[in-house]
2 protein chains.
Amino acid sequence: MEYFVRYGEIGIKSPKIRHKFEKRLMDNIKSELECEFENNQGRLTLKTEETNEKVADVLSRVFGIVSYSPITQTITDKEKISELIHEIIPKVIDEGKFNPQKDTFAVKCRRVGNHDFSSQEMAGYCGSVVIDITNAKVDLSNPDFTLYVEIRENKTYMFTEKIPGLGGLPVGSQGSVVCLISSGIDSPVASFQMLKRGCKIILLHCDNNPYTKNTIEKVKKQAQRLQRYSVGVKVKLYTINFGQYLEHVIKQAPPRMTCVLCKSGMYQTAAQLAKFNHANAIADGSSIGQVASQTLRNIEATRYKCRMPIFSPLISLDKIEIEAIAKTIGTYETSIIPDGGCSAVPKYPETNAELDVVNNVIDDINQKDVLEEVWNTFTKIDID
Amino acid sequence: MEYFVRYGEIGIKSPKIRHKFEKRLMDNIKSELECEFENNQGRLTLKTEETNEKVADVLSRVFGIVSYSPITQTITDKEKISELIHEIIPKVIDEGKFNPQKDTFAVKCRRVGNHDFSSQEMAGYCGSVVIDITNAKVDLSNPDFTLYVEIRENKTYMFTEKIPGLGGLPVGSQGSVVCLISSGIDSPVASFQMLKRGCKIILLHCDNNPYTKNTIEKVKKQAQRLQRYSVGVKVKLYTINFGQYLEHVIKQAPPRMTCVLCKSGMYQTAAQLAKFNHANAIADGSSIGQVASQTLRNIEATRYKCRMPIFSPLISLDKIEIEAIAKTIGTYETSIIPDGGCSAVPKYPETNAELDVVNNVIDDINQKDVLEEVWNTFTKIDID
């Protein structure tokens with residue numbers, strides 16, 4: 001079978017960047033699909049012996065694809081074109097995609113090259129063939145069914161559906177980002193959003209054991225789901241014994257500061273891992289006001305000591321929007337498995353942190369030294 | 001008229017925070033609508049003499065509202081309930097919202113208080129009244145038309161539609177954010193997203209005149225559109241003579257560094273304005289990979305000298321998604337008015353900035369001193 005694969009924003013970049021992005025997109029697809037590509041000035045045609053189901057499964061998970069279409073082709077000759085329409089129409093009627101008794105239709109024709117007919121004339125001709133077969137009604141502005149005819153020199157391609165892809169940019173076309181992942185609902189979605197814009201993701205789970213339990217298994221499952229959308233690029237997962245830092249915080253700092261200091265330490269730990277992995281940014285699942293502690297002042301105080309950019313792609317999303325994405329990508333079910341939460345959370349966590357106060361406490365507890373000890377415990381987890 | 005006004009996430013907060021948020025939501029609505037509220041354990045009933053159109057206009061622009069419904073009420077008595085249904089049904093048929101010949105229907109009943117009937121019994125009773133009037137078919141799982149009956153003690157409310165609101169949190173329930181606004185498509189959308197999560201927005205336009213032209217008028221129009229969604233809270237707009245900093249950059253730094261140094265200066269300028277205004281964060285319209293210069297390395301290098309959190313709510317959005325929001329909120333048309341772009345952009349802008357190199361150039365050009373001069377030119381612009 002053959003397919004047109006359409007990308008979006010890649011097309012508006014300079015020729016050099018476009019070429020690089022196209023290559024990345026094709027390589028990513030090839031990593032999971034035995035196939036070949038023909039690249040005709042940005043029109044990618046995928047050729048494969050694999051089943052339609054397999055192709056649909058892979059293309060639905062590859063970032064950078066705006067839409068794709070199974071195509072059939074013939075040579076640019078009216079007789080041949082008519083023959084192909086005679087093959088296609090009974091098939092789509094059979095598959096329930098077109099009901100000529102009820103549905104209106106249109107033919108849309110695009111053309112590249114020199115021909116003795118215009119695109120509109122060819123559309124009219126193809127439409128008349130469809131009417132001969134079905135007697136269906138034409139509606140050019142809002143048809144129920146569309147037959148797309150694309151003529152490139154002496155080749156003519158036809159398709160009847162544009163199946164939407166995920167959009168975004170090909171994974172690996174941008175650099176690496178360390179994504180904090182907690183086992184909850186939000187952080188896997190944030191990681192997914194970073195994949196969407198072409199980043200390689202390095203997941204970091206700060207394991208708060210003994211204050212949290214059974215999170216690693218959950219995180220591993222979430223990483224496996226994320227891997228499905230990182231077609232062509234291996235997702236890395238690290239854990240770290242963050243509980244030992246948290247124990248120090250609980251012993252040394254005022255109780256209300258526990259969560260602020262925990263988050264502050266996580267960002268710096270993520271930055272440390274980023275340095276090892278040549279990543280240039282951190283991402284997390286923060287959303288303003290979602291919980292009492294996600295105030296602007298807390299966010300400011302927890303990020304101050306981290307000198308690397310922190311992306312929070314969910315910062316302006318409602319919980320219900322985040323949950324919808326989590327359900328779509330299949331991380332939601334794992335996220336909601338009860339794990340008892342974190343027992344280190346104090347009765348009254350700080351919700352209005354003062355930057356100076358937090359920075360003083362950070363100095364008081366020798367945060368940097370304690371974190372440096374923790375950094376010896378980075379462990380890579382195999383997610384296969 | 002009376003309306004149920006439903007909020008979302010506010011409901012899951014602690015009673016104290018919930019009360020504060022509810023008050024903010026009601027105050028915001030009251031700022032544009034002559035009305036009163038009844039707050040019955042989180043069920044907000046809005047009472048007003050204003051027209052339905054006016055109410056719809058205001059409620060469609062207020063963040064924190066998940067949905068609202070025009071309601072009618074009677075006392076909890078089967079006769080009276082039947083009478084009200086006899087009033088409602090011909091009206092909705094007349095308005096084209098219910099076509100009993102074609103549409104199926106359902107009655108959904110909720111009940112608070114002690115009654116000698118269950119919710120289900122009342123739904124059944126109301127359904128039989130509807131059938132008496134219309135002879136329409138019942139479909140409980142997927143009805144075309146729904147009559148909602150809500151019984152609270154001796155009062156019974158009915159409504160037939162739930163009109164979706166914007167979601168988010170009430171503007172002003174969170175702190176203030178300085179939003180960089182450039183006159184382009186992305187930055188007004190980013191500002192809108194910050195309003196969505198309850199932040200007060202302070203817009204900052206770094207005016208690059210003489211390298212850019214006519215941007216202030218565009219930005220003012222965009223600010224006016226944003227004000228429509230900041231119901232109850234005045235949007236502030238500042239400009240600054242950033243061109244004088246840029247002139248210095250062009251004279252002193254390598255040409256390829258112009259854009260990186262421009263953005264770096266903007267973030268620090270935004271942080272300065274934030275300090276004056278007790279804001280705790282900055283927001284901008286960055287989206288990874290959207291243009292050649294929005295690489296992770298450029299983002300890292302431009303943000304390093306800014307110690308305040310920078311939110312980029314569009315960081316993971318595709319251009320087409322950003323444009324869709326811009327069209328919805330009405331900033332798109334202004335954004336695309338041609339303004340000639342920025343003439344300071346070099347032929348080959350840096351796309352892969354090295355942090356150390358950029359930091360050295362920042363020192364070489366005495367960035368801090370030059371920025372401090374520019375900071376004398378903050379000007380507040382009236383957007384009315």
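Any read-out appearing in this document is the output of simple, stated calculations on the displayed coordinates, not a laboratory observation. What you see is a predicted model; the values in this text were computed from it and never measured. Cβ coordinates were reconstructed from backbone atoms using ideal geometry, including for glycine residues, and neighbour counts include every protein chain displayed.
The table below lists the values:
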read-out	value
Label point distance in nm, B:Ser60-B:Lys137, each placed 7 Å from Cα along Cα→Cβ	3.3 nm
Whole-number D in µm²/s for segment A:218-277 (Stokes-Einstein; Kirkwood sum over Cα pairs; 10 °C, 1.306 mPa s)	117 µm²/s
Neighbouring partner chain Cβ atoms per residue of B:194-202, average, 10 Å criterion	3
Distant-in-sequence amide H partners of A:Ser182 (H built 1.01 Å from N, under 5 Å)	A:Ser187
GNM result for chain A, Cα springs below 10 Å: residue of A:Asp186, A:Asp356, A:Asp339 fluctuating most strongly	A:Asp356
Within a Gaussian network of chain A (alpha carbon springs, distance under 10 Å), most fluctuating of A:Gly232, A:Gly165, A:Gly113	A:Gly113
Gaussian network model of chain A, springs between alpha carbon atoms under 10 Å - residue of A:Asp207, A:Asp318, A:Asp132 with greatest fluctuation	A:Asp132
Peptide B:165-177, shielding by other chains (average Cβ, 10 Å cutoff)	3
Sequence of A:Leu46, A:Leu195, A:Leu355, B:Leu140 once ranked by neighbouring C-beta atoms within 10 Å, starting from the fewest	B:Leu140, A:Leu355, A:Leu46, A:Leu195
Shielding of B:283-295 by partner chains, average beta-carbon count, 10 Å	4
Nm distances between copies for B:Gln244, ranked from closest, using label points 7 Å along Cα→Cβ	5.5
Teacher prompt: B:Lys102 distances to equivalent labels in other copies, 7 Å Cα→Cβ, nm	1.4
13 Å Cα-Cα reach of A:Lys275 towards aspartates and glutamates, excluding residues that sit fewer than 8 places from it in its own chain	B:Glu300
Beta bridges by DSSP in segment A:176-381, antiparallel share as percent, to the nearest 5	15 percent
Considering only chain A, percent of DSSP beta bridges that pair antiparallel, nearest 5	55 percent
Column: log10 I(q)/I(0), Debye, Cα scatterers of the protein assembly as shown, q = 0.07 Å⁻¹	-0.63
Pairs beyond 32 Å (Cα-Cα), from A:Lys196/B:Lys102; A:Lys236/B:Lys13; B:Lys102/B:Lys162; A:Lys221/B:Lys305; A:Lys16/B:Lys220; A:Lys102/A:Lys327	A:Lys196/B:Lys102; A:Lys236/B:Lys13; A:Lys221/B:Lys305; A:Lys16/B:Lys220; A:Lys102/A:Lys327
Relative contact order, percent, chain A [alpha-carbon distance under 8 Å, six or more residues apart]	17 percent
5 angstrom amide H check on A:Lys155, placed H, neighbours 5+ away	A:Thr76
Per-copy distances of the B:Phe117 label point, shortest first, in nm (7 angstrom along Cα→Cβ)	6.7
Packing-based exposure ordering (other Cβ within 10 Å, fewest first) of B:Cys35, A:Cys262	B:Cys35, A:Cys262
Segment A:64-175 - percent relative contact order, Cα under 8 Å, separation 6 or more	45 percent
Candidate lysines for bridging to A:Lys78, where Cα separation is under 17 Å - those fewer than 8 sequence places away on the same chain excluded	A:Lys108, A:Lys155
Per-residue Cβ neighbour rank within 10 angstrom, fewest leading, B:Arg111, A:Arg43	A:Arg43, B:Arg111
Calculated FRET efficiency for the pair B:Glu161/A:His115, C-beta based, R₀ 60 Å, to 0.05	0.70
Of the DSSP H helices in chain A, those whose Cα atoms cover at least 18 Å axially and whose Kyte score averages -1.0 or more	A:78-94, A:119-134, A:258-276
Rel. contact order, % - alpha carbon contacts under 8 angstrom, at least six apart, segment A:92-136	43 percent
Stretch gain in nm, segment B:Glu83-B:Asn360, where the contour uses 0.36 nm per residue and the Cα spacing is subtracted	91.8 nm
Part-to-part distance (alpha-carbon centres) for segment A:319-384 and segment B:37-95, which is given in Å	43 Å
Distance between modelled label sites at B:Asp144 and A:Asp94, nm, 7 Å Cα→Cβ extension	3.5 nm
